[in-house]
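No value in this document is a laboratory result; all are computed from the given coordinates. Model, not experiment: these values are computed from the prediction. With ideal geometry, Cβ positions are generated from the backbone for all residues, glycine too; neighbour counts draw on all protein chains shown.
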Amino acid sequence: MRPTELAGRALAAFDGFQARHKALAFAVAVAKKFGEDRAGSMAALIAYYGFFALFPLLLILVTVLGFVLQGHPALQASILATAKRDFPSFADYLKVGSITGSGLALGTGVIAALWAGLGVAGAAQQAMNTIWEVPREGQPDMWKSRLRSLSLLGTLGTTLVLSTAASALNGIGGTFAPLFTLAGTLAPLILNFALYLFAFRLLTAEPLSWKDIFPGAALGAVAWTLLQWLGGYYTRHVVAHASHVYGTFAVVIGLLAWLHLGAQVTLYAAETNTVLRRHMWPRRLRGEEAAAGTPGPRAQAIGEG
């Protein structure tokens, strides 16, 4: 038997197997649609803009904290301890009193964050509309798209500040220290879930209910929270033990990979919502029709044409 025939039989056997098992069939359908939508390329574009947006956002955060925490060295020490834990390569430049408010720094950070942030939000909007197969004439015009992007940026900034404040709860001692630690651990997960809910509904031109986007938002929040934990683990155990030069390369490479993974997780979560809402499973590994013999929505549209 030729290798191609053997591979074809193995593929057909797996195709039938996955069609008979709902969980596997659903996962296959999500992965297949992710590939059909070329979501990997869209995730790379989102990560590209995200890389340039991250540093201005951190500049804004540090500057705002400088205004808010001026004269509160204890709070500064708590936040700096968190920053040194997550970004050990910058530990030499961080010390109590180094967080100061600066109007020039704040203005520069806002302008740079708007430029890169609008790119992130615009790429995310395009990705969501592609995933939900929204026709071009059904997508918002330039001004409405910019307003949606600005709304998302405002939500992202608020979430970043709240997450930083929540992380400081882990350092509070006393009788209620375990409760503060639990709150500091759960708060990022809850904030991420709320952010995904808001983003999935805001960035998609197709009218969606909260029920339509709930599963993907829950999946994305859990996955993104795990990525945040893995990012901190990477910086503490890889970057912290690297030399100054190689540590810089490790930070850049790790950050790009982390952002790309985060973008892919987000688009997989959005694909999950689409497959669930439109009942696009089971599907064959080859062809557009469903594996059980019932064509999915996209296959029906092709057949009707």
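Side notes on the structure shown:
- Added length on full extension, which subtracts the Cα-Cα distance from 0.36 nm per residue, LEU189 to ALA31: 54.4 nm
- Note on LEU24/LEU179: beta-carbon distance plugged into 1/(1 + (r/R0)^6) with R0 of 51 Å gives a FRET efficiency of 0.80.
- Taking a ≥ b ≥ c as the square roots of the Cα gyration tensor eigenvalues, the range 11-71 comes out prolate, since a/c reaches at least 1.5 and a/b is larger than b/c.
- Peptides 109-115, 35-41 ranked from most to least packed by the mean count of surrounding Cβ atoms within 10 Å: 109-115, 35-41.
- Gyration tensor (alpha-carbon) shape descriptor, the range 5-44, a/c threshold 1.5: oblate
- From most to least packed by mean Cβ count within 10 Å, the peptides 261-273, 133-145 give 261-273, 133-145.
- Taking the average, over residues, of other Cβ atoms within 10 Å as the packing measure, peptides 23-30, 118-125, 251-258 rank 118-125, 23-30, 251-258 from highest down.
- Net lengthening on full extension, ALA7/ILE253 (0.36 nm per residue, minus Cα-Cα): 84.9 nm
- Förster radius 25 Å - calculated FRET efficiency between ARG146 and SER102, Cβ distance, rounded to 0.05: 0.35
- Under Karplus coefficients 6.51, -1.76 and 1.60, residue-wise ³J(HN,Hα) of the range 130-146 in Hz, glycine/proline x: 5, 4, 8, 6, 7, x, 4, 5, x, 8, x, 6, 4, 5, 5, 5, 5
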